[in-house]
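Right, one structure below, let's go through it.
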Amino acid sequence: MTQLTQPADPSQVEIRTVLGALAERIARIVESRRADGDVDDAQRGLYFPPELIIRDARSEPPEADQISHQQLPPRLSRLANSVGLTELDQVILLIASSVSIQPRFEHFFIVLNNEVESRGPMVATALLLAGADVDDPQARARLSPSAPLRRFGLIELRQEDRPLLTRTLVVPDRVVDFLLGGDHVDSTVEALLVAAPPKLDGALLPELPEVSWPAVVRARAGCAWHEQVNRLGVRWTGREPLVFNVAQCPVDQLAATVRSGIREAALAERAIALDVRGMGHDSRAVVIREIASCEFPAALVMDPRTSLGDWLGSEVHLSLPTAQQRRAWWHALGAAPQEEVSADAITHLEPKDIETRLASRSPASTRLGPMRQGLVQRIAPAFTLSDLVLDEQADHELADLAGRVRFRGLVLDEWGMRPGGGRGRGVSALFTGPPGTGKSMAAEALAGDLGVPLFRVELATVVDKYIGETEKNLDQVFSAVENTDGVLLFDEADALFGKRSEVTDARDRYANIEVAYLLQRMEAFDGLAILTTNLRANLDPAFVRRLDAVVEFGEPDAGERAKLWQACLGRYPLVLTEAELQTLAAIPMAGGAIRAAVLTAAYLAAARGREIAATDLLEAGQREWRKMGRLAHPGLWSDRAQQ
């Protein structure tokens, strides 16, 4: 079980002392009540002789001295300061917990309650022993659902069908454990407790404004939300808060789980923070209701776009770190100088993720937000920009695009270069050109160069025949990917980003709504999105205006084709003579066709029981040329191809 850092008090000795005084007071009360003819203890509450009823009705209720404040254990006094318990509340809590600490009190309360089946003090008995008048409405109010004892789950009242004074008080085992000096987190919420993040100097964190509790903390990935929430907790209570992730908690258990978490924070004299990112609307409403009613230092960690409804508390949007601060995180967590460069492109890692990545010396797992399965395909890049064979112009434009991603924090956040309004921090680009010129491969290479995965949108699952469903699926894709480090690829983008048309029927209207939604969402997107198309003219002009870059992929020239043949041959670069290589390079084929020709040659060689030979490549080149719908090249290697 998780052990909190608060040192344990010698509480057991203190509790025994107080309970000893309580037992003595019970003895005096019982002694004053005893008289000849009383019902045996075994029949109390089961048998009511009329003469005893008359006697008790005519007698005055006994009085009891209240436990003095000096007798209360220091641990209980600290809890009282944390949640606002009065001295009467503290005494009632001790009386109610006595049964769970010393079993002899069970017999005492059978006599005082005058009921053999009771196993704890009734409300009337507890008020009597605490020195309060059972007729005092203020004393009774200390056990109302909104009073601290019950609001924080320190006491429960059983037998809901009974009047208040005859209901039995029960103290949960976790609270009894606390009174005896235990500091173990309740097992019902222990698994939800978020481990403490690595320690970073406050100067390395973005500025955090003053905010009162309860507060909603708007946090996107990479803003050091846990460290910032810790700073809030220290401001509110002097100690770091308990942080729980309740996003996956079943909705039917959510209210009880949140109350248990609040109780844990109260016992530990800390604030509470609940991470509800990715939680559905109904579940989130339950958490908000519990936090709003608890009157306790609390923070709710939410996504920046989540709707709050009628939230009356404070709200703060956490700032992203500057590029310099992010590099300082990597340095403080043990990164080598060459690894600190990753901080420019990998901007959505929390300090804890950076620590994990550096410890394992492998890329940290990229966690996508909640999304319907099958909307995107995750691809681990197999190459980088240096592996591409492109013309000089496309090469420069791809390098510039990578620079936009690496330096957007510096340009947009630190320099404040946002002329014209508050557009998102995302980067978007269009890769256009004939088939097979390397557009999709360039997107993967760009992801590899940045050290992040590629997320390719699956059009078959995103596009839905029902009105409005496509937009919902796209919103899930954008929301899931923009809070992680990755490249979002819309292959054959003209299928989604086509031109809006004149409305002649309902289908045109809804098709235009879909395009209009994409226009808005692309502009607010916070990640790197790449669109590829063979048909640029089919795209809506409004999309092109919103793009940060348009990269033209042209057909390769002879020199580039020679490099492509050699690159595709991989481990067999010497099967061609220089003359044969130049002959193949003379054929005007795109890189995709060259790759297909080399693969065909490999299968031909395998079928012939030998390694790839020049004749296999020549024959495969002829086949690929004809497959493109063109006539056979005049005099193309006729002698060699027939060998």
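The values are calculated or read from the model by the stated rules, or taken from the named source; none is laboratory data. What you see is a predicted model; the values in this text were computed from it and never measured. Here the Cβ is made from the backbone with ideal geometry for all residues, glycine too, and neighbour counts use every protein chain on show. Side chains included, ligands, DNA and RNA excluded: accessible areas come from the protein's heavy atoms. Shrake-Rupley method; radii C 1.70, N 1.55, O 1.52, S 1.80 Å.
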Notebook entry, point to check: Ordered by residue, what ³J(HN,Hα) values in Hz, to whole numbers, does the stretch 134-141 give under the Karplus form 6.51 cos²θ - 1.76 cosθ + 1.60, where θ = phi - 60° and Gly and Pro are x?
Noted result: 5, 8, 6, x, 5, 5, 5, 5
Item checked: Local net charge near Val175, Cβ-Cβ under 11 Å (Lys/Arg +1, Asp/Glu -1) -> -3
Next item on the list: List the residues whose amide H sits under 5 Å from the amide H of Glu315, counting only those 5 or more places along or on another chain, with H placed 1.01 Å from N in the peptide plane.
Entry: Val216
Item checked: ³J(HN,Hα), Karplus 6.51/-1.76/1.60, whole Hz, each residue of the stretch 99-111, x for Gly, Pro -> 4, 7, 9, 10, x, 4, 5, 4, 5, 4, 6, 4, 6
Item checked: Cα principal axis extents for the stretch 90-171, largest first, Å -> 30, 26, 24
Check: Heavy-atom accessible area per residue, the stretch 86-236, 1.4 Å probe: how many Å²?
Finding: 40
Notebook entry, point to check: What residues have an amide H closer than 5 Å to that of Val427, excluding those fewer than 5 places away on the same chain, when H is modeled at 1.01 Å from N in the peptide plane?
Noted result: Gly527, Leu528, Ala529
Check: How large is ³J(HN,Hα) for each residue in the stretch 306-319, as worked out from phi by the Karplus curve 6.51 cos²θ - 1.76 cosθ + 1.60 (θ = phi - 60°), to whole Hz, x for Gly and Pro?
Finding: 5, 7, 9, x, 8, 8, 9, x, 7, 8, 9, 9, 6, 7
Check: Which loop-located GluC sites (Glu not before Pro) does the stretch 203-266 contain, where loop means any DSSP state but H, G, I, E or B and the Cβ has at most 10 other Cβ atoms within 10 Å?
Finding: Glu207, Glu210
Next item on the list: Would you mind checking which residues have amide H under 5 Å from Val550's amide H? H placed 1.01 Å from N; only 5 or more apart, or other chain.
Entry: Leu430
Checklist line | Heavy-atom accessible surface of the stretch 152-256: percent carbon and sulfur, 1.4 Å | finding: 52
Note to self: I need the per residue convex hull volume for the stretch 66-211, using only the alpha carbons, in cubic angstrom as a whole number.
What the structure shows: 171
Next item on the list: Take the eigenvalues of the Cα gyration tensor for the stretch 272-341, scale each by 5, and report the square roots as semi-axes in whole Å, largest first.
Entry: 34, 13, 11
Next item on the list: Arrange the peptides 562-569, 577-584, 232-239 so that the one whose residues have, on average, the most other Cβ atoms within 10 Å appears first.
Entry: 562-569, 232-239, 577-584
Item checked: √(5λ) per eigenvalue of the Cα gyration tensor, the stretch 187-307, largest first, Å -> 22, 16, 13
